[in-house]
1. Does segment 113-129 include one or more residues that are in a strand (DSSP E or B) and within 18 Å of residue 251 (Cα to Cα)?
2. Has segment 161-173 got at least one residue that is over 26 Å from residue 125 (Cα atoms), more than 9 Å from the ligand (Cβ to nearest atom) and touching a residue at least 24 places away in the same chain (Cβ under 8 Å)?
3. Report yes if some residue within segment 107-130 is without any contact (Cβ under 8 Å) to a residue 60 or more places away in the chain, exposed (fewer than 13 other Cβ atoms within 10 Å of the Cβ) and over 28 Å from residue 188 (Cα atoms); otherwise report no.
4. Please specify each residue of segment 184-229 satisfying the condition of being surrounded by fewer than 17 Cβ atoms within 10 Å (Cβ to Cβ) and not in a loop (DSSP other than H, G, I, E, B).
5. Considering 147, 176, 209, which residue is modelled with pLDDT under 95, among the aliphatic types (A, V, I, L, M) and more than 30 Å from residue 81 (Cα to Cα)?
6. Here are 75, 139, 59, 88: which of them is over 26 Å from residue 164 (Cα atoms), touching a residue at least 24 places away in the same chain (Cβ under 8 Å) and surrounded by 14 or more Cβ atoms within 10 Å (Cβ to Cβ)?
7. Would you check if residue 70 is among the β-branched types (Val, Ile, Thr), surrounded by 15 or more Cβ atoms within 10 Å (Cβ to Cβ) and touching a residue at least 24 places away in the same chain (Cβ under 8 Å)?
8. Test residue 31 against the stated conditions and say whether it is modelled with pLDDT of 90 or more and hydroxyl-bearing (Ser, Thr, Tyr).
Amino acid sequence: EAKIELHEQRHDEIGDLLDVYRKMMVELENSFLQQQRFISDASHELRTPIQILEGHLNLIKRWGKDDPEVLAESLDTSLQEIHRMRSLIEELLDLARREKKDIQNGVNLIEETKKVINETKQLHPEAEIILVSNENDTLNAAISRDAYNQIVRNLLQNAIRYTEKIPNIRISLTNAAECHKIEVEDNGIGIQSDAIPRIFDRFFRVDEARSREHGGTGLGLAIVKMLVEKYDGQISVTSKVGKGTKFTVKIPDFNNKDGIN
Ligand code: ADP
């Protein structure tokens, strides 16, 4: 440390090397801090279901034999919490996995989007989801199929989760020379403007109770953003409270693998 200070003013090759070294140390320190924060966030989130589980198991132990109602209710809640914990752990693992991007073939966005829409409709038959695209377009994107499906799946899930009406969702796909645009627009509750900068943060929820009630973990959008950025895409959002929200994702064309400029 002292030696580095000593050479602070150098303007030769060694000075340049020291600069590089210093930048590397800052980066390393940041990634270390990020990892620490990740672990502390994750532990905090896992503590809640474990506490609930513990409470209900104690109830069962004390009253379960004499009170079948308590038994049935506590077992139900316990199973629900275990289910939540499992999704949380799976999503945390998704986030922690930092594989390199791997794309041998482009992904046909129209075809894949149709698949995810059908899948979602089976789970939520009440939802109205329309796809707007030009059948003559070839939207061949530089992304892995799994990553793209997960992006669309998470956005659709939120569009259905955060509405008080019958979900009415419009997905539009447009082709541009360098990148493709995917817009997911809903008629939901919307997001206040002061919350918008935080919705991609891990574990951020505008309304914790509502998110929990629908099985949300607060990780969906963090995963979406991580995936979009891994494939050199971009994501943005606009929203009107009480009207709806629109997410816009851009993904480079397969022939433009090096990213959007
Ligand atoms: P969650 O598991 O809570 O849904 P997400 O990371 O997917 O976590 O989203 C973070 C928060 O952003 C949500 O809790 C919700 O408050 C808000 N949000 C996300 N998508 C929408 C949407 N389409 N409409 C309104 N609010 C949304």
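The values are calculated or read from the model by the stated rules, or taken from the named source; none is laboratory data. Treat the numbers as computed from the prediction; the structure is a model and nothing was measured. Note: ideal-geometry Cβ built from the backbone for every residue, glycine included; neighbour counts use all protein chains shown.
1. Within segment 113-129 (the criterion being in a strand (DSSP E or B) and within 18 Å of residue 251 (Cα to Cα)), the answer is no, since none of the residues qualifies.
2. no
3. Within segment 107-130, not a single residue is without any contact (Cβ under 8 Å) to a residue 60 or more places away in the chain, exposed (fewer than 13 other Cβ atoms within 10 Å of the Cβ) and over 28 Å from residue 188 (Cα atoms).
4. Answer for segment 184-229, where residues must be surrounded by fewer than 17 Cβ atoms within 10 Å (Cβ to Cβ) and not in a loop (DSSP other than H, G, I, E, B): 196, 197, 198, 208, 209, 210, 212, 213, 229.
5. Answer to the selection: 176.
6. Exactly one of 75, 139, 59, 88 is over 26 Å from residue 164 (Cα atoms), touching a residue at least 24 places away in the same chain (Cβ under 8 Å) and surrounded by 14 or more Cβ atoms within 10 Å (Cβ to Cβ), namely 139.
7. Taking the combined requirement at face value, the residue does not satisfy it.
8. Criteria not met by residue 31.
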